[in-house]
Amino acid sequence: MIKSVAVLTSGGDAPGMNAAIRAVVRTGIKKGLKTFVVYEGYKGLYEGNIVEVDRNFVSDIINRGGTIINSARLPEFKEEEVRKVAVEQLRKHNIDALVVIGGDGSYMGAKRLTEMGIATIGLPGTIDNDIASTDYTIGFDTALNTICDCVDKIRDTNASHLRCTFIEVMGNHCGDLALFSGLAEGVEMVITPDHPISKDEIIERLKQLKFGFKKHALIVVSEKMFPDIYDLAKEVQVRTGFEVRAERLGHLQRGGKPSAFDRILATRCGVKAVELLLEGKSGVCVGMRKNEIVYYDIMDALKMKRDIHHELIKMLGLVNR
Ligand code: F6P
């Protein structure tokens, strides 16, 4: 039976990570465990940046964006020598379990630590919603709402000036932020890896709009779909006669206080992580399926294919354009 648990956040920060940290620490203490935080993800683990905390450490953070224990990316964690140092750091503090909150890139590190004798659980923390073993990741809902807020504002000025605006959103290689925000905003075009639209087709559709009844247009694009959204805007302006602007929403999408949905998802996942550890589980990741909190072996989870939202993509053609 484990006697202590540590928690770290890894990869890009996501709103709701703090709520997950809080749930792990509070549940751990309630169940009689010593609780620790590791600052700066796997980097801090390697460096021994580990502190024991009490329940007050996580007071007043459920509503805060970012992660109070900082995050980092450490590609070197793939190397066994680096992980050995990390395990020694945990042993120095008599820590026998670790909860890793991050993207699926962080899950492999968690699995490897499990193999090295540390009981480890992964929680899905990323705005990208690109983890196949959960319907929603912690942070996605907040980022989606932030994007919608931005698109609402861009819409006002875009419509006033009868312009076309490209709005590039994050998501890494996953189009969910673009697809969901595009549907929620009823924009003219949504361009994602699962729903690509060529430059020529964009131009053709915009020409039809310009000479039709709609004199302005919003286009939501997933990052990495075009080499440079600003260059694309210039070319589209020349070839369509539309006045065109481009906005890359960037890191503002990662900030802000978490939505109620993300706080609750994070809390459910954090509580479940500690419960699983106390049941003797390790090397698994927690997620949500059809509103139930579930868990999978990390290796099985990493082999899963993400669902393509065919139903939502089809809707674009029905209710958008
Ligand atoms: O994975 C989260 C994410 O925000 C992606 O959407 C984006 O591609 C990437 O991180 C940006 O990373 P960084 O903050 O290192 O620039």
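The values are calculated or read from the model by the stated rules, or taken from the named source; none is laboratory data. The shown structure was predicted, so the numbers you read here are calculated from the model rather than taken from an experiment. A quick note on method: Cβ atoms are made from the backbone with ideal geometry, for glycine too, and the neighbour counts reach across all protein chains shown. Calculation scope for accessible area: heavy atoms of the full protein, side chains included, ligands and nucleic acids excluded. Shrake-Rupley method; radii C 1.70, N 1.55, O 1.52, S 1.80 Å.
Results, tabulated for the structure shown:
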{"item": "Where N is the number of residues in region 109-241, Cα Rg divided by 2.2 N^0.38 Å", "result": "1.29"}
{"item": "Residue-by-residue Karplus 3J(HN,Hα) for region 283-300, coefficients 6.51, -1.76, 1.60, Hz, glycine and proline x", "result": "x, 10, 10, 9, x, 10, 10, 6, 6, 9, 7, 10, 9, 9, 4, 4, 5, 5"}
{"item": "Inverse mean reciprocal Cα-Cα distance (Kirkwood Rh) of region 1-136, Å", "result": "14.6 Å"}
{"item": "Accessible surface, 1.4 Å probe, highest first, among residues Phe57, Phe211", "result": "Phe211, Phe57"}
{"item": "Over the chain: helical MRE at 222 nm, DSSP H runs n ≥ 4 each giving -39500 (n - 2.57), nearest 500", "result": "-13500 deg cm²/dmol"}
{"item": "In Å, descending, principal axis extents of the Cα set of region 240-283", "result": "64, 23, 15"}
{"item": "At 1.306 mPa s and 10 °C, Stokes D of region 222-321 from Kirkwood alpha-carbon radius, µm² per second", "result": "87 µm²/s"}
{"item": "Along principal axes, Cα extents of region 94-134, largest first, whole Å", "result": "34, 15, 13"}
{"item": "Where the Cα pairs of region 149-191 fall when distances are cut into 10 Å bins, in %", "result": "26, 57, 16, 1"}
{"item": "Cross-link table Lys78/Lys234; Lys153/Lys214; Lys3/Lys78; Lys31/Lys305; Lys34/Lys84, entries beyond 30 Å C-alpha to C-alpha", "result": "Lys78/Lys234; Lys31/Lys305"}
{"item": "Length released on extending from Glu279 to Lys303, taking residue separation times 0.36 nm less the Cα-Cα span", "result": "6.2 nm"}
{"item": "Within a Gaussian network of the chain (alpha carbon springs, distance under 10 Å), most fluctuating of Asp228, Asp128, Asp104", "result": "Asp228"}
{"item": "Student exercise, region 113-209 dipole from Lys, Arg, Asp, Glu Cβ charges, in Debye to nearest 20", "result": "360 debye"}
{"item": "Column: log10 I(q)/I(0), Debye, Cα scatterers of region 48-94, q = 0.13, 0.14 Å⁻¹", "result": "-0.46, -0.53"}
{"item": "Residue among Met225, Met170, Met304 with the largest mean-square fluctuation in a Gaussian network model of the chain, springs linking Cα atoms under 10 Å", "result": "Met304"}
{"item": "Candidates Asp96, Asp231, Asp13: whichever shows maximal mean-square fluctuation once the chain is modelled as a Gaussian network with Cα springs under 10 Å", "result": "Asp231"}
{"item": "Calculated P(r) tail over 18 Å for region 199-267, as whole % of Cα pairs", "result": "51 percent"}
{"item": "Debye equation applied to the C-alpha atoms of the chain, log10 I(q)/I(0) at 0.08, 0.11, 0.12 Å⁻¹", "result": "-0.40, -0.69, -0.78"}
